[in-house]
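The values are calculated or read from the model by the stated rules, or taken from the named source; none is laboratory data. Values in this document were obtained by computation on a predicted structure and should not be read as measured data. Every residue, glycine as well, gets a Cβ built from its backbone with ideal geometry; the counts of neighbours run over all protein chains shown. Protein only, heavy atoms only, side chains kept; ligands, DNA and RNA dropped before computing areas. Shrake-Rupley method; radii C 1.70, N 1.55, O 1.52, S 1.80 Å.
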Amino acid sequence: METIRRTLLIEPYGYVRERFEPDARVAIYAGKTIKWRLAEHEQVFDIVHPVDETFSHLADVDFEDVKARISANIPLFYRWMGESDTYEDNQRSFLIFVLRLTEVLRRLGVAHAIFFTGVAHHVEYTLIEIACRLANAKQVFLYPMPFGAGGRLLPVVQTNSIKDREFLGLELSGVDFRDDVIAYRDNYLARGVPKQNERIGGPAVSRSYAYFKLAEREARQRAKKIVRKQPAVPHLIDRRRGYGLSAMSRVINRQKYALDYYSSKAISNEEAERLIARENPLPLLYAHYQPEASTFPEGGLFSDHLDVVLAIRRAGYSGKILYKEHPGSWIYYSKITGFSLVGIARSVEYYHQLEALGCVFLQPRFRPGDAMMRQVLPVTITGSIAVERSLTGWRTCCAGVPWFKHAPGVTGIDDCFGPDGIFYDPEKWRTGEHEGIDWFAEHLSRKTVTNYPGIGTGVASTSESDKQEFLGELRLMIDALASSVQPNETDALPQAGAV
């Protein structure tokens, strides 16, 4: 008989699961199990531990390659795992988890997996992503767009890694993006900040407030232990612990000392303007920190700004490099992500290294005026500065692999700073005045879904019409994915490894 090439929903919301669980073309991953239903038949595959037959189905899998893929996620593990002494044990457990999940994905004939997030930014999601690659299942992510007041989600798809990520390109709605893209450009030209950015100020940038939240967290954890016995956690993925009291205190203090040092060394805006006028053109590195998303995994090979500086030097550039720390680095506790953990990637030694490599620190809110457009070339890993400049007809050096990597003006380090790089000829910094607007409007219009769940914002909609719109657009996506692949021929229903 024929087995449908299925779409796997990764930890879908309850209302999504209720709507799609009866669909034989859909399987559900949740709670370390995969469930698939066909009429009265329900198969439940346990992913927590392998069964005897698992490895006989994986004869073609290179275990060393899998281990290397897991190890490549170390920058993200630093963000979420505070116990470095458990990394070796964790990675072997992660290996077994990936192999078991790969075997089940192959057995079920999964062709696509839909993640309800913009990138694989948690430990478990990175492991699922690796298993999907090994099982030749494409990974679809719902990436929150910076354009528009309500926010929309752009489905992006990748096969082997985030480096080959592309727009899914399906027409899923009637929403046109041109006006929103133009409004985003106009806001930038008016020297405004993106409207969907988190506010930087108030308690978020107070170290005292961070210590208050830390004490609150510890008190809650102790109260839970006293009030009720915690249930056993079945898998090492969920047993891993984050940063404890002493470790978090060190991270907060390291962030404070590092940024104090940076502030003491940052030149004034007036000095910066004189330096630029004297030595232009100069690269200006826009630093930002978000290791669970924009710096990594979207940074690709570049999860650290020291790596970016070294790559610029390796490409051949030997002059000064302006370095501007993002104002968000002063956030200690975010209302969206909690403790920012900037202190695991910023230290006094970090800034010493940048200085030794010829970096000059700028004020965090320094912004070159229009007259400097031909004097400084912005460099970023995946920052929104590249989107803003694309919309205004300017090039930006972008080291990472952001969702907009093919937009007009987004250029890699070697093309910018190599022997014949565009950096050395400011006349090449310009692109067509309307190319960026046309590109974003064309690639986003009618190809997004409503952000009813609040992905990337932490604030879900309460509108029933938004909910039904989201479910309807998700249905269109699943229908299109199902029709894009051919069924596999099998002898019988797939058999579960554990029920």
Does at least one position in region 439-450 carry a residue that is part of a loop (DSSP other than H, G, I, E, B), modelled with pLDDT of 85 or more, more than 27 Å from E388 (Cβ to Cβ) and open to solvent by 50 Å² or more (accessible area, probe 1.4 Å)?
no
Residues to consider are R346, R313, R365; find the one that is of a type in the set (D, E, K, R), surrounded by fewer than 19 Cβ atoms within 10 Å (Cβ to Cβ), in a loop (DSSP other than H, G, I, E, B) and out of contact with any Gly (no Cβ under 6 Å at 6 or more places or on another chain).
R365
Neighbours by Cβ (under 7 Å, 6+ apart or cross-chain): first from region 406-418, aromatic (F, W, Y); second modelled with pLDDT under 95 and open to solvent by 30 Å² or more (accessible area, probe 1.4 Å):
F417/G316
Of all residues in region 127-164, which are charged (D, E, K, R), within 26 Å of A460 (Cβ to Cβ) and at pLDDT below 95?
R152
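Please work out if Y332 is open to solvent by 20 Å² or more (accessible area, probe 1.4 Å) and in contact with a helix residue (DSSP H, G or I) (Cβ under 6 Å, 6 or more places away or on another chain). Can you show your working first?
Working: open to solvent by 20 Å² or more (accessible area, probe 1.4 Å): no; in contact with a helix residue (DSSP H, G or I) (Cβ under 6 Å, 6 or more places away or on another chain): yes.
In short, no.
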Looking at region 86-105, can you tell me whether even one residue there is out of contact with any Phe, Trp or Tyr (no Cβ under 7 Å at 6 or more places or on another chain), open to solvent by less than 40 Å² (accessible area, probe 1.4 Å) and not in a helix (DSSP H, G or I)?
no
Among (1) in contact (Cβ under 8 Å) with a residue 40 or more places away in the chain; (2) surrounded by fewer than 23 Cβ atoms within 10 Å (Cβ to Cβ); (3) under 27 Å from the mean Cα position of the chain (by Cα) - the single one G421 does not satisfy:
(3)
Being outside any strand (DSSP E or B) and either over 27 Å from D415 (Cα atoms) or free of Cβ contacts under 8 Å to residues at least 40 places away in the same chain (or both) narrows it down to one of I336, I276, so name that one.
I336
Only listed residue being at pLDDT below 95 and either touching a Phe, Trp or Tyr at 6+ places or on another chain (Cβ under 6 Å) or not acidic (D, E) (or both), chosen from I312, I321, I344
I344
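Which one is farthest from the chain's Cα centre (by Cα) among residues in region 370-391 that are polar (S, T, N, Q) and open to solvent by less than 20 Å² (accessible area, probe 1.4 Å)? It would help to see each step written out before you state the result.
Within region 370-391, the first condition is being polar (S, T, N, Q), and the residues that meet it are 375, 380, 382, 384, 390.
Pick out the ones that are also open to solvent by less than 20 Å² (accessible area, probe 1.4 Å) and you get 380, 382, 390.
Working: T380: 15, T382: 10, S390: 21 Å.
Selected residue: S390.
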Of all residues in region 106-120, which are buried (at least 23 other Cβ atoms within 10 Å of the Cβ) and in a loop (DSSP other than H, G, I, E, B)?
V119, A120
Does E489 fit the bill of being at pLDDT 95 or above and either of a type in the set (D, E) or open to solvent by 30 Å² or more (accessible area, probe 1.4 Å) (or both)?
no
Residues that are touching a residue at least 24 places away in the same chain (Cβ under 8 Å), under 30 Å from V193 (Cβ atoms) and open to solvent by 70 Å² or more (accessible area, probe 1.4 Å), drawn from region 168-180:
G174, D176, R178
Taking interchain pairs and intrachain pairs at least six residues apart, which have beta carbon atoms under 6 angstrom, with the first residue in region 143-167 and in a loop (DSSP other than H, G, I, E, B) and among the basic types (K, R) and the second at pLDDT 95 or above and open to solvent by less than 20 Å² (accessible area, probe 1.4 Å)?
R165/V156; R165/Q158
Considering region 293-310, residues that are acidic (D, E) and surrounded by fewer than 20 Cβ atoms within 10 Å (Cβ to Cβ), and then whichever is farthest from H122 (Cα to Cα), we arrive at D307
Between V110, V104, V66, V61, which is farther than 22 Å from G31 by Cβ, of a type in the set (V, I, T) and over 22 Å from the mean Cα position of the chain (by Cα)?
V61
